[in-house]
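One structure is given below, encoded as structure tokens.
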Amino acid sequence: MAASELAALVVLAATLLVFRTFRERYLLVWIVGWLAYLVSRSTSAQHPHPLPEGIAALVHAELVLAACLFAAAIFIYTQARRLLVPLCLIALVLIPYAVLQGLLWRESVVANAVLEVAFHLILIFAAARLIWFRWARWEIGPWLLSLCLLSLHLRWDPLNGVLPSGYILIIGIVLGTSMLLLVFDDSKLKTQRLAVIHALTASMSRAQQHSPMISTAIEQLKQLMGARAAWFRFLEGERLVLAQQIGLSPEYLRDRNAVPLDEVIAEVLREEKPRVITRRTGTDGMRAAIKAEKLDHLVLIPIVGKKGPIGVLVLGSRRRIQYAPDDLDFLTTAAHQLGLAFENFRLVEQILRSQRQWANTFDSIHDMVLVHDAEFRIMKANRALLERLRMAPADVVGRICAAILPGEHEGKWKRCPYCSGDRHNGFFEGSDPVFGGFCLVSTSSYAEQGSAQTGTIHVVRDTTDHLAVEEKYKNLFSQMQEGVFVASAEGKLLDCNDAFMHMLGYSTRSEIMGLNVEAGLYAIPEQRRLFRAEIDQHGYVRNFEVALKRADGSQVWALESTFASRNPEGNIERYQGFLLDITEKKKAEDEIRRRNRELNALNAMAVIATQSFDLDEILNLTLRQLISLMGGESGCIFLADIDEKTFRRRAGWGQRSNERGRNSEVTFSDGFGELVTRSRAEVITQEYLPHLPSAVSDFLQLDGQQSWIWVLLWGKDSPVGIMGISSHPDRAYTGNDENLLVAIGRQLSTTIEKVKLYEETCRAYEDLRRTQEQLLQSEKMSAVGQLIAGVAHELNNPLTAILGYAQLLESEGLNERASDFVGKLFKQAQRTHRVVQNLLSFARQRKPQHNQVNISKVLEETLLLRDYDLKVSGITLEHEIEPGLPAVIADPHQLEQVFLNVINNAVDAMLEGENKRSLKISVRAEKGSVITEIHDSGPGIKEPNRIFDPFYTTKSIGKGTGLGLSICYGIIKEHGGEISARNRPEGGATVCITLPAAGQTALSESAVPLPLRESAIQGSLLLVEDEEAVLEFERDVLSGAGAQVTTVLSVDSMKSRITAGQFDAVVINGKMSAEWNAAEIYRWMEERQPRLCRHVLFTFSTMVEPDLRTFMSEQKIPYLVKPFEVGELIGHVRKLLTKAAAASASTA
């Protein structure tokens, strides 16, 4: 036998031995193929080369059959059974082709090449499938087997010639050995899997918690499957929470500790099969995880228990691995074992938790629990019993009751204290044979499952304290001062204490027991209805106020606190409650409420009296409060007049009778009678009627009411008012009511006097204020007068020069145009002079001097004062002055004041309106009087009959004092005239002033003779003036008239000139300075120049003061008031110089 054949036989034998051990199906197919290969090599070795045609065809057919069987074995091994059918078809075609080629086309290169290529294609495909199936596994068997398969070839002489000797032997040995290595590797893998299953089983049996078991599982599976990382996620609702992991990066753990349950994992859990996930087949989250961890793929292994999915085990590998079905089946089996173990852990935890809960429950029972068997051996005792015995569980369990429980040696019980006599089953309540006192024992028997042995359970409750509490409750129930009762749902009284019985006026329980609560106790049915509604809503009532009927028919008020007891169906079985007698409390509360109402009313009246000074408001509000408080129907208040006999109604409320309505004023000529006055009675009731005057009695009964009461409001000495209220007939006024009315009456009397005092104070204050305003106005007028005097002084000096120079110009022979201008200048200067004079006359305080007065001239001078204001205000002035008016006897300055006041009021009234403004003045003589009427187009007078009252004004504050027209009224009356005011139908007002006529016609202004201008005077004059313009004017006039004139501007210069020189006369300003007036200058000259003091002419810028005027009249000193005309000055100086010349002549 050749060496190659021997080696093939050895390999065959070894393979058979391996097959006997492992029984792999692919190995059986491989053995059959190896037999075909051995037969082909044996046939080829037995025949010399070249092989005969038949032998060559047989060898080729056997080699093709062997190659196909080798490929089939590999396809079975790699789980590619779907390739077996195509392989069989190829074999059916290729084997006959090999036979035909060996027989017919042996020498054909193409036929040999086709057969060789087909042979190698089968082997190449089988080797590729094997390498792909075992890719990324560090095993040498698949690689050697693939290389050997690729090295096989047909017996082709051109090719056999180039192969080295022994090639076929080596290939055959390596081929058979590589298959054995493959089998051994597969066996090793199965052994490793079994080791993993064993390790999981051991971990499951040793682990107390599921975390170590899961950690072991993922570690073993990671190593076995050659994974880079492995982790396990629990299923919690719709989330997968990471529980254990190996090989994951911290970033992954931080970002993906919990992930949502996506559709891929949900499908894997639903199918309960592992799935390989790559970047193409996974979700976005899976692809991100594969990329972040640099993995090639993930293997999702569902962990499913009997009750449902538990979680998913994930293996991540960086190498591309082809997982065989065995691998996936193994992972499924491991996951199934892991799921069962996980559920077992959960069940164990639940059992342990139940045991702990049962033990805690058993120990938490406050009653003592004793469990013993049929032989009275203690099996269990709870904590309450152990604490009572002061023993540990180990000292009690397993021992007989007689050895543990006290009292047996005293003969009280045998074997078990709670099983003696009739206590064996059910409930027993009585004395405790073990611990003393009283107890309630519940006894029951039990039998263990599958055993006939029975045991007994005793639950012992100590009722000693409970019975003591019951006894106390019974004593409390019977001795309570509050009424306690129990009633059925229908309202029948079932039980009550003595206090309840006595509260309702019953003497024995038999009288009240069985009484229907609703019909026999409740005095007000509406209260019982409200009681039932409250019980239905809340199940109880608390402090429910009720009125109950006593046995004698009277009422008692009580506070009821009741709760309803219900059966399991929710229906009321009985009522239990308390009753607290509040009759006296309610009376006290009613009294307090009445007092509070009275106090509130008094307080409200006091507040009204404090906050208001309107007497009508105070009286009406007080009356309303009183009627509301007393429950009256009507009332009224009458106040006394000044005569204290007449009373006027000031307040009323409610319906009044016709008689009372007509009597808004009543007079009691005899007062209220001697009895009332002497006793100062404050409340008048019907008992007083016989002692009252008839007028008072009739007045009090005007309403015809049977129930009434009146209160006298006393002042210091006499009643200031009377207040009365009336009610429905059955209203009776008590002593408390009368006391309240007295208090209100006194308070109201004080308030009335206070308000009257306030009103008097207000009137006094108003009078004082008006007086102060009048004084202030007088001060203002005085200041205005001083101001006018100063202004007049400043104006009169330049006016004197202007008038003088104008007169001088008239005598200069000017042309007609210049003379006209000079005449107009003189006329306007005279007008200015008259205005200044009128202001001075108006402002000067002087005694009235009644002379014949031209009233039209006074009107003209008055209008001149308001001429500018009338023009600026757009007021049209109209005159209707009758010619030939008689003069009147009057003081022109006072008349001017009257006219000015009336005109001022008319102007102010017209300025307030927007109508056309016109002022019309008419003067006429009628029946021995001169009548002046002043018409305006203003809004008219509101109260024409009051405008002459002192302090009456319709102007705003600061514009009038209300004294102007009152003063005018006094002036006209003093002159014997009349002044009146009325409104015109066409609008506006008219003021009519009537004065008695003097009996002769008044001279007009043009008829008054004017002094003629004098000229041609001779003599020396000294002119003394502090105004330079006036000084120059006087010098020009007098020097032009022929006098020798010397001028000085001060008193000192005057003194030096008079002392040094000789002058015929002196013309001097009467008020050169504050220190030197006309009287002082005259006295100085009288001392130094007695001769000259008789030839002095004084000039004044303003009207001469009365004292100074008297002095000059007594000394017969001439004077002129500026501005004066040239003729007046020359005339007076001429008289002085003439007197001086006459005196010089007589002296000579």
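Taken together, the values in this text are just the output of simple stated rules run on the coordinates, not laboratory data. Just so you know, these numbers come straight off a predicted model, no measurement behind them. Methodologically, a virtual Cβ is constructed for each residue, glycine included, from the backbone with ideal geometry; neighbour enumeration extends over all protein chains shown.
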Cα gyration tensor category, rounded, prolate or oblate, for segment 1020-1147 with a/c compared to 1.5: rounded
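Dipole size in debye (nearest 20) for segment 562-692 around its Cα centre, Lys and Arg Cβ +1, Asp and Glu Cβ -1?
280 debye
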Set of lysines near residue 492 by C-alpha distance (under 26 Å), chain-local residues within fewer than 8 positions excluded: 474, 549
Reachable lysines, given that their alpha-carbon falls under 25 Å from the alpha-carbon of residue 291 and they are not under 8 places away in the same chain: 222, 273
Listed pairs 190/306; 824/871; 827/871; 645/716 exceeding 23 Å between Cα atoms: 190/306
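Which order results if 68, 419 are arranged by neighbouring Cβ count within 10 Å, fewest first? Working shown, then result.
Numbers: 68 24, 419 18.
By the 10 Å Cβ count, ascending: 419, 68.
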Simple Cβ-charge dipole of the chain, Lys/Arg +1 and Asp/Glu -1, about Cα centre, in debye nearest 20: 5500 debye
Label-to-label distance, nm, for residues given as residue 469 and residue 543 (7 Å Cα→Cβ offset): 2.7 nm
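Apply the a/c threshold of 1.5 to the C-alpha gyration tensor of the chain and tell me whether it is rounded, prolate or oblate. Spell out each step's value before the answer.
Working: a/c = 5.21, a/b = 2.02, b/c = 2.58.
In terms of gyration-tensor shape, oblate.
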Three-way shape call for segment 480-581 based on the alpha-carbon gyration tensor, with the a/c threshold at 1.5: prolate
Proximal lysines relative to residue 1116, as straight alpha-carbon distance under 22 Å, when same-chain residues fewer than 8 apart are discounted: 1071, 1135, 1139
Extension reserve of the residue 698-residue 1018 stretch, reckoned as 0.36 nm per residue once the Cα distance is removed: 104.7 nm
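How much length, in nm to one decimal, is gained on full extension between residue 536 and residue 819, taken as 0.36 nm per residue of separation minus their Cα-Cα distance?
Extra length available between residue 536 and residue 819 comes to 89.5 nm.
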Ordering of 1064-1073, 286-295, 344-353 by packing [mean C-beta count within 10 Å, highest first]: 1064-1073, 286-295, 344-353
Furthest towards positive pole of dipole, 39, 456, 907, structure part the chain, Cβ charges: 39
Rounded to the nearest 20 debye, dipole of segment 480-581 from Cβ charges on Lys, Arg, Asp, Glu: 100 debye
Cβ-Cβ FRET estimate between residue 1060 and residue 808, R0 fixed at 25 Å, reported to 0.05: 0.20
Protection-proxy order for peptides 1036-1049, 973-986, each taking the mean of Cβ atoms within 10 Å per residue, highest first: 1036-1049, 973-986
Loop-located GluC sites (Glu not before Pro) in segment 1066-1148, at most 10 other Cβ atoms within 10 Å (DSSP): 1075
Peptide ranges 490-503, 463-476 listed from the most packed, as the mean C-beta count within 10 angstrom indicates: 490-503, 463-476
